[in-house]
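Take a look at the structure set out below.
The values are calculated or read from the model by the stated rules, or taken from the named source; none is laboratory data. Note that the structure is a prediction, hence the values are computed from the model and not measured. Cβ atoms come from the backbone with ideal geometry, glycine included; neighbour counts cover every protein chain shown. Quick note on the areas: whole protein, heavy atoms, side chains included, nothing else; ligands and nucleic acids left out. Shrake-Rupley method; radii C 1.70, N 1.55, O 1.52, S 1.80 Å.
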Amino acid sequence: MDKKNYDLVVIGGGPAGITGASTAAEWGKSVALIDAHHELGGAGVNTGTAPSKTLRETALALSGARSRNLYGVDLSLRKEATVTDFLRHERNVKTGLNMFVAQMVKRSKIDVHYGTATFADDHTVIARSSKDGPEIHLRGEVILIATGSSPVRPVIFPFDSPGVYDSDTILELGRLPKTLAVVGAGVIGSEYASTFSALGTQVHLIDGRTVLLPFLDSEISRSLAAAMEGNGIVFHWNEQVVDCVPVPFGIGLTLASGLSLTVDAVLVASGRKSNTDTLNLAAAGIPTGERGLIVVDDHFRTHVPHVYAAGDVIGFPALASTSLEQARRAIRYAFGQKLRSEFPNVLPTGVFTIQRSVW
Ligand SMILES: Cc1cc2nc3c(=O)[nH]c(=O)nc-3n(C[C@H](O)[C@H](O)[C@H](O)COP(=O)(O)OP(=O)(O)OC[C@H]3O[C@@H](n4cnc5c(N)ncnc54)[C@H](O)[C@@H]3O)c2cc1C
């Protein structure tokens, strides 16, 4: 069997994987990077950070909020934006970032292999471009797992039905909903609720808790919830969706309290799980925890000392910024480079909701 040997094999081409790969390549290490998708950049570029922030900016621009804020008048050209207006800029930004990442990888002389990665043993990863397609065996002295995370899809929601989305598929929205139920008032749910509300969509935000983003200081959480309510978002606290079915004019939801809602669309934002299902981690001797999480030590080493993991696949805080710093540190440690400081205990976090002051 043909096997290619590398100093480092990286699985995943998101913020963590790209940073880990280019850090090692800078020191002249031979590096292979495997990604299941041709558009490199992972969730950071394709489905998460950049798209959601671009859509937020687009919503502010289309709604006239930015111009009202500057000049005190509504300078928006249209009263109603189309879905094409809404998604165009996001697609352009994504294409630009994909090209930027691809050029960076090429400049760094990283060998990119497109396909799904599976461990054969603790030093060997197989990349397969399709189920029955050819296999490439890659041997790494060091391996970095940076496969990220995906939205959890509770079985109660019929994701095959038009109008039922998660945070990945919302980017394929067919038309702008007049009414939207967002299930889960975490960071992703709150951000998208704000974005759609700015576009004029009537948003229902449903959550099993009684407090918005409980990791915030309580006065900030209260003030944010009040601001979002002021923008027209209807909160349904201490609630759970017990039924979700397509109905003639939209999607019908039944909540645990007995309340029924009919909306044009539903966005399910009820957490994320690590992308470890297809990795065959058992072949490398690496256990996983709840929701597929990989456990690492302070140096981002898994149970197998030459196999590292960084980014969303290891869980909290699951941010693009922290993912790439974790990978950089993992690779420095793996190749004996000095680390000048400890990984910080306090990490900057931004929540990109929209407050009334910018309307
Ligand atoms: C809606 C949303 C908004 C967000 N907003 C922000 C924000 O404002 N700020 C912020 O810092 N973070 C934000 N994040 C989080 C951020 O996107 C992630 O933390 C970051 O992308 C994680 O990087 P990663 O490299 O660990 O994984 P990912 O970016 O998920 O990349 C993983 C890569 O691995 C590949 N892969 C997975 N499995 C395999 C396999 N078996 N074989 C081969 N390839 C595989 C995937 O194709 C993917 O390209 C947001 C996320 C979402 C969903």
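Summary of values
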read-out	value
Within the accessible area of region 192-247 (1.4 Å probe), percent carbon and sulfur	50 percent
Probe 1.4 Å, all protein chains present, accessible-area order of THR124, THR47, largest first	THR47, THR124
Size of charge dipole - the chain - debye, nearest 20, with Cβ of Lys, Arg +1 and Asp, Glu -1, no other charges	880 debye
Average accessible area per residue (Å²) across the chain - probe 1.4 Å, nucleic acids and ligands excluded	49 Å²
All lysines inside 26 Å of LYS106 as judged from Cα atoms, apart from same-chain residues fewer than 8 positions distant	LYS3, LYS4, LYS29, LYS94
Helix 15-26 vs. the chain, principal-axis angle (Cα, 0 to 90°, nearest 10)	30 degrees
Nitroxide proxy distance, nm - points 7 Å out along Cα→Cβ at ASP121 and MET99	4.4 nm
√(5λ) per eigenvalue of the Cα gyration tensor, the chain, largest first, Å	39, 22, 20
Net charge contributed by nearby residues that have their C-beta within less than 9 Å of PHE352 (K/R +1, D/E -1)	+1
Prolate/oblate/rounded label for region 276-359 (Cα gyration tensor, a/c 1.5)	oblate
For TYR165, solvent-accessible area (1.4 Å; no DNA, RNA or ligand), Å²	30 Å²
Computed lengthening from ARG340 to VAL83, 0.36 nm per intervening residue step minus Cα-Cα distance	87.8 nm
Near-label residues of region 168-209 by backbone N, under 12 Å of a point 7 Å along Cα→Cβ of GLN240	208-209
Dipole magnitude of region 184-314, debye to nearest 20 (Cβ charges: Lys/Arg +1, Asp/Glu -1, about Cα centre)	180 debye
Relative contact order computed over the chain (Cα-Cα under 8 Å; 6+ residues apart), in percent	21 percent
Rounded to 5, the percent of DSSP beta bridges in the chain classed as antiparallel	45 percent
